[in-house]
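Working notes, structure below.
The values are calculated or read from the model by the stated rules, or taken from the named source; none is laboratory data. Just so it is clear, the model here is predicted, and its values are computed rather than measured. Note that each Cβ is placed from the backbone with ideal geometry, even for glycine, and that neighbours are counted across all protein chains shown. Heavy atoms of the whole protein, side chains included, go into the accessibility calculation; ligands, DNA and RNA do not. Shrake-Rupley method; radii C 1.70, N 1.55, O 1.52, S 1.80 Å.
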Amino acid sequence: MIIDCDPGVDDAMAFIAAARWADLVGITTVAGNVPLVHTTANACRLRSLLGLDVEIHSGADGPLVGVQEFATHVHGETGLGDVVLPESDRGADSDDAVGYLVETTRSEEGLHLVPIGPLTNVALALRADPGLADRVASITLMGGSALGVGNVSAVAEFNVFADPEAADEVFRSGARLTMIGLNLTHQVRMGAVHAAQCRTVGSPVGDAMTGLLEFYTKFHLAEEEVSDGPVHDPCAVLAVTHPELFTLEDRHVQVELAGSHTRGMTLVDERGARASAAANCRVAYGVDADAVIALVMQAVREG
Ligand code: BDR
Ligand code: CA
């Protein structure tokens, strides 16, 4: 698995899950929740925290079109809430995420590419080498939404909204796509109860997860008056490592680029045989949320 990410509170949780459950080959970073300088530094710090021996390559510092959207109100100014991880003594291995994605998928076929941030790096890699779409076992992305559930707008999800043109190119690439959208991740929620459990672990990973969940819970309490929040990004990692926990349906998915109210929406054709075009994506609808949360908690305990 290669993770393309913008850490990010829930990206950090995805790192914890991947360190335990995935055969992680490498990490690329993109601007998204916070600027690239922070997403890359956070990825390096998380690599050290988790003792991961993988390369990190930074990539795009903004979308293909338009200006960068950040989500600092969700993730804090530097991306990991108020969790301050020790500085890493190893920096990024290069600033050529696109070259890394192209070369690594050439030297090792059958990798799963797991984008959990805006899709800019992935789109640029597909532009550089369209054959990448066939070489990867899947692009299993956290992004978009079925059933019209948005978070940035009524209908748009952040990772797609932050670079709709890139998402559009990925959805039209012909790659084996799996979409882990908000309709799915809103079913997998962690909060204060889990933070308290993580606190008892008594390890650097346990402490980091405690802080991440506490920050996240504060945000959701203030915004939505609920004591837990959706843990989006770990779902994409676990959809690759534990596919039996997810229910997927083939669908045709298009990204809305022009709508004045709907830009960044993933338009999922739910009409079955009457759909306007053949399915280009497996869309996740169902999940064993308790099992996913149990895997995340086990990763924290054993991290
Ligand atoms: C997605 O947007 C980001 O804020 C999260 O890290 C996640 O990848 C959820 O919409
Ligand atoms: Ca993310």
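Annotations for the structure displayed:
- Test result for Gly264, exposed (fewer than 15 other Cβ atoms within 10 Å of the Cβ), within 30 Å of Asp168 (Cβ to Cβ) and not charged (D, E, K, R): no
- Meeting the requirement of 1 or more residues that are over 14 Å from Asp233 (Cα atoms), the strands (runs of 3 or more DSSP E) wholly within the stretch 1-104 are 26-29, 55-58.
- Filter result for the condition that a residue is farther than 19 Å from Leu295 by Cα, among the polar types (S, T, N, Q) and at pLDDT below 95, over Ser173, Ser227: Ser227
- In the stretch 1-55, the qualifying residues are those that are without any contact (Cβ under 8 Å) to a residue 40 or more places away in the chain and not aliphatic (A, V, I, L, M), and the one that is nearest to ligand 1 (Cβ to nearest atom) is Phe15.
- Breaking point among (1) of a type in the set (Ser, Thr, Tyr); (2) under 28 Å from Thr210 (Cβ atoms); (3) touching an Asp or Glu at 6+ places or on another chain (Cβ under 9 Å), for Thr105: (2)
- Output for the stretch 56-73, where each listed residue is touching a Gly at 6+ places or on another chain (Cβ under 9 Å), in contact (Cβ under 8 Å) with a residue 40 or more places away in the chain and either away from ligand 2 (no atom under 16 Å from the Cβ) or open to solvent by 20 Å² or more (accessible area, probe 1.4 Å) (or both): His57, Gln68, Glu69
- Qualifying residues in the stretch 107-118 (those that are in contact with a helix residue (DSSP H, G or I) (Cβ under 7 Å, 6 or more places away or on another chain) and in contact (Cβ under 8 Å) with a residue 60 or more places away in the chain) - the one farthest from ligand 1 (Cβ to nearest atom): Leu111
- Any strands (runs of 3 or more DSSP E) falling wholly within the stretch 131-191 and containing at least 1 residues that are within 13 Å of the chain's Cα centre (by Cα), touching a residue at least 60 places away in the same chain (Cβ under 8 Å) and over 20 Å from Thr72 (Cα atoms): 138-142, 177-180
- If the condition is being open to solvent by 10 Å² or more (accessible area, probe 1.4 Å), over 15 Å from Met142 (Cβ atoms) and in contact with a strand residue (DSSP E or B) (Cβ under 8 Å, 6 or more places away or on another chain), then the stretch 1-41 contributes Leu24, Val25, Leu36, Thr40.
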